[in-house]
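Student: One structure, as structure tokens, below. Some questions next.
Any read-out appearing in this document is the output of simple, stated calculations on the displayed coordinates, not a laboratory observation. Since the model is a prediction, treat every value here as computed from it, not as a measurement. Cβ atoms come from the backbone with ideal geometry, glycine included; neighbour counts cover every protein chain shown.
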Amino acid sequence: MTNTGLPSAVLGCRAVTKRFGVLTANDRIDFDVRAGEVHALVGENGAGKSTLMSILYGLLQPDEGTIQLDGHAVRFRGCADAIAAGIGMVFQHYLLVERFSVADNVLLGREQSRFGFLDRAAGAAEVQDIATRYQFQLDAHDVVETLGVGARQQVELLKVLERNPKIIILDEPTAALSPLETQGLFDVIKRLRNEGRAVIFITHKLKEVMAISDRVSILRRGRIVGSMPRADADETRIASLMIGSDAAELSSLPGSSRSSPAVAVPGPRAKALEVRDLGVLAGDGASGIAGLNLVADTGEIIGLAGVEGNGQLEFVEALYGIRPIAQGAIILDGVDATGWSSLRRREAGMRYIPLDRQREGLVLDFDSVENAVLGDQRRMRHAFAIDYVAAAQRADAVASEYRVRNYARSQPVGQYSGGTQQKFLIGRELDGNARVIIACTPTRGVDIGAADIIYQRLRAMRAAGACILLVSYDLDEIRALSDRIVVFFRGRIVGEVPAEDADDTTLGRLMGGVASR
């Protein structure tokens, strides 16, 4: 449909419906994107966003309705047809071959050859040229498994840009990015818009919608419930349309009028965790962290801030026992746990919410019940087998507390949306036996309603006496939840700040390596 005074849509759909059995994932949806426009699509987990994008990208076929490209009805038999039509998609969960180089990943299946032989040098030069053009700090020869989260996302975007698409779909592209990396991505998106490309931007972060989009559409339970120019929108209006009620009811989120600042829980305190002179090697053999000391008490949340790649992940992986330490000691509830396995630490009350839920937190082929007790099989055992009744009750409780839509005990978690997968991971780890909780970006990819539940749950765990170490690249989140914030820079803690004093300038200086006095 052409709007007066506006470019016509380059890609869209009309009355698209998609069903999975009795579930209607998309219900007569009208949606489009124009050249030189960033159109944000928001909605709760399970609202139908990924299904709609999969239809536009040719991964799924609509049961009803039509897809339109440049005003003409088209039918994509698969994603190859969509790619040939000029559509590219960057998925939320990266699809990379980790042992391949950047160039090999970008050109996979389309490698350059010369005289019948693979021409790696020419391919790497082409990829490096595109990376330089978009100001990506990437070397085409780097092996992907050595790259951080932000760099991997750039590789995914390079895979799309190398094909010179006119339409780009970005599915939760900032879910695991630091603020600096997010700003870098926004700079790229603005350049794509200025080049006349159409961008569909899927996110749960309403500040990002207001910062980068030209238009925003809201999906709720498979239907478009609102669509407006960004100038006519605000965060409260979008949030209310997303959840179907007054967004003011979300009391725990940063900036909520009903949220309260993080304050220490009164009452007797004890050391829950003590780290002495800890040294951990990074994945490339270089020094990850060295000589690190930290004391964490019961009933407090400590935020671990810093630009990605400065040692926070190495630190928490060492705490949980999945990364070997080079020196130092880890004291858990007054007992030296340095040589303990991660299983023994878990049995002692340590819980871990990893950064990458699919690789480290869940088994995607396992069903909801199996994932709900993953890691706690011994505790759920009855005689020689897992107590299925108790395990199913636990899965049901997680689904109820975190409002998992379309929940089924037998459904593999890989068939849920990314945000729903995160809910299962959070619900499993934040149980009543937790004493020390390591939470890495706990609200990654979840909608605002689920984020509110997670914030409330973390605060309740703190009030019950748990010690929580929070790793997050969202400064608003880390300020909203933490009692105090320690900042990492190049493998060391360079400063500690009470949450109420942690303004952007103070944290920015520390994250840049300027130690506090």
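Student: 7 Å from Cα along Cα→Cβ at both ALA231 and PHE115: what's the point-to-point distance in nm?
Tutor: Modelled inter-label distance: 6.1 nm.
Student: I would also like to ask the following. Taking θ = phi - 60°, what integer Hz values does the Karplus form 6.51 cos²θ - 1.76 cosθ + 1.60 yield along the stretch 474-479, in sequence order, with x for Gly and Pro?
Tutor: Ordered by residue, 3J(HN,Hα) equals 9, 5, 5, 5, 5, 6 Hz.
Student: Counting only DSSP beta bridges with both residues in the stretch 9-249, what percent are antiparallel, rounded to the nearest 5? Numbers along the way, then the final one.
Tutor: Values: 25 of 43 bridges.
Antiparallel bridges: around 60 percent, rounded to the nearest 5.
Student: Okay, moving on. Excluding same-chain residues fewer than 8 positions from LYS205, which lysines have a Cα within less than 21 Å of its Cα?
Tutor: Those lysines meeting the cut-off are LYS49, LYS190, LYS423.
Student: While we're here: State log₁₀ I(q)/I(0) for the stretch 272-511 at q = 0.09 Å⁻¹ as given by the Debye formula over alpha-carbon point scatterers of equal weight, solvent excluded.
Tutor: -0.37
Student: Write down the percent of antiparallel bridges among all DSSP beta bridges whose residues are both part of the chain, to the nearest 5.
Tutor: Details: 49 of 85 bridges.
For the chain, the DSSP antiparallel bridge percentage is about 60.
Student: Magnitude of the Cβ-charge dipole of the chain, K/R +1 and D/E -1, about the Cα centre, nearest 20 debye?
Tutor: Working: 60 positive and 65 negative charges, 142 e Å.
For the chain, the charge dipole is close to 680 debye.
Student: Tell me the GluC sites (Glu not before Pro) within the stretch 1-106 that lie in a loop according to DSSP and have at most 14 other beta-carbon atoms within 10 Å.
Tutor: Details: sites: GLU37, GLU44, GLU64, GLU98; in loops: GLU37, GLU44, GLU98.
Those that pass, being in a loop and sparsely packed, are GLU98.
Student: In sequence order, what are the phi-derived ³J(HN,Hα) couplings for the stretch 104-114 according to the Karplus relation 6.51 cos²θ - 1.76 cosθ + 1.60 with θ = phi - 60°, rounded to whole Hz, with x for glycine and proline?
Tutor: For the stretch 104-114, the Karplus curve yields 5, 5, 5, 9, 4, x, 9, 4, 7, 9, 9 Hz.
Student: Counting DSSP beta bridges with both partners in the stretch 272-511, what percentage is antiparallel, nearest 5? Numbers along the way, then the final one.
Tutor: Numbers: 23 of 41 bridges.
Antiparallel bridges: around 55 percent, rounded to the nearest 5.
Student: Can you put VAL494, VAL143, VAL106, VAL369 in order of Cβ neighbours within 10 angstrom, beginning with the fewest?
Tutor: On the way: VAL494 19, VAL143 15, VAL106 27, VAL369 22.
Fewest-to-most Cβ neighbours within 10 Å comes out as VAL143, VAL494, VAL369, VAL106.
Student: Let me ask something else about it. In the neighborhood of SER8, defined by Cβ-to-Cβ distances under 10 Å, what is the net charge if each Lys or Arg adds +1 and each Asp or Glu adds -1? Could you put the intermediate results ahead of the total?
Tutor: Working: positive: ARG34; negative: ASP32, ASP70.
Surrounding charge for SER8 is -1.
Student: Please report the net charge: other residues with Cβ closer than 13 Å to the Cβ of ALA198, K and R +1, D and E -1.
Tutor: Values: positive: ARG34, LYS166, ARG193, ARG197, ARG215; negative: ASP32, GLU37, ASP70, GLU195, ASP214.
Neighbourhood net charge equals 0.
Student: Order these by the 10 Å Cβ neighbour count, fewest first: ILE426, ILE453, ILE83.
Tutor: ILE83, ILE453, ILE426
Student: Straight-line reach from LYS166: which aspartates and glutamates have Cα under 12 Å away, leaving out those fewer than 8 places along the same chain?
Tutor: Those aspartates and glutamates meeting the cut-off are GLU37, ASP70, GLU195.
Student: Another one. Give the cross-link partners of LYS18 among the aspartates and glutamates, using a straight C-alpha distance below 20 Å as the criterion and excluding same-chain residues fewer than 8 apart.
Tutor: ASP27, ASP30, ASP32, GLU44, ASP63, GLU64, ASP81, ASP171
Student: Something else about it: Among THR298, ILE322, GLY445, flag the residue with its Cα farthest along the positive direction of the charge dipole of the chain, charges on Cβ as +1 for Lys/Arg and -1 for Asp/Glu.
Tutor: GLY445
Student: With +1 on each Lys and Arg Cβ and -1 on each Asp and Glu Cβ, how big is the dipole of the stretch 9-249 about its Cα centre, in debye rounded to the nearest 20?
Tutor: Values: 29 positive and 32 negative charges, 119 e Å.
For this selection, approximately 580 debye.
Student: Give, as a single signed number, the net charge of other residues whose beta carbon lies under 12 Å from the beta carbon of SER101, with Lys and Arg counted +1 and Asp and Glu -1.
Tutor: Values: positive: ARG99, ARG120; negative: GLU98, ASP104, GLU111, ASP139, ASP142, GLU145.
Within the 12 Å Cβ shell, the charges total -4.
Student: I would also like to ask the following. What whole-number volume per residue, in cubic angstrom, does the convex hull of the C-alpha atoms of the chain give?
Tutor: Details: hull volume 87.9 nm³, N = 517.
Each residue corresponds to 170 Å³ of Cα convex hull volume.
Student: With labels modelled as points extended 7 Å from the Cα through the Cβ direction, what inter-label distance (nm, one decimal) is found for GLN393 paired with ASN406?
Tutor: 3.0 nm
Student: Hey, what number do you get for the chain at 222 nm if only DSSP H runs of n ≥ 4 count, each worth -39500 (n - 2.57), divided across all residues, to the nearest 500?
Tutor: -8500 deg cm²/dmol
Student: Just going by the charge dipole of the chain, with Lys and Arg at +1 and Asp and Glu at -1 on Cβ, which of VAL275, LEU425, VAL160 is farthest out on the positive end?
Tutor: Projecting each Cα onto the dipole axis, the largest value belongs to LEU425.
Student: Of LYS423, LYS207, how do they rank once you tally other Cβ atoms within 10 Å and put the fewest first?
Tutor: Numbers: LYS423 29, LYS207 14.
Ranked by crowding around the Cβ, least crowded first: LYS207, LYS423.
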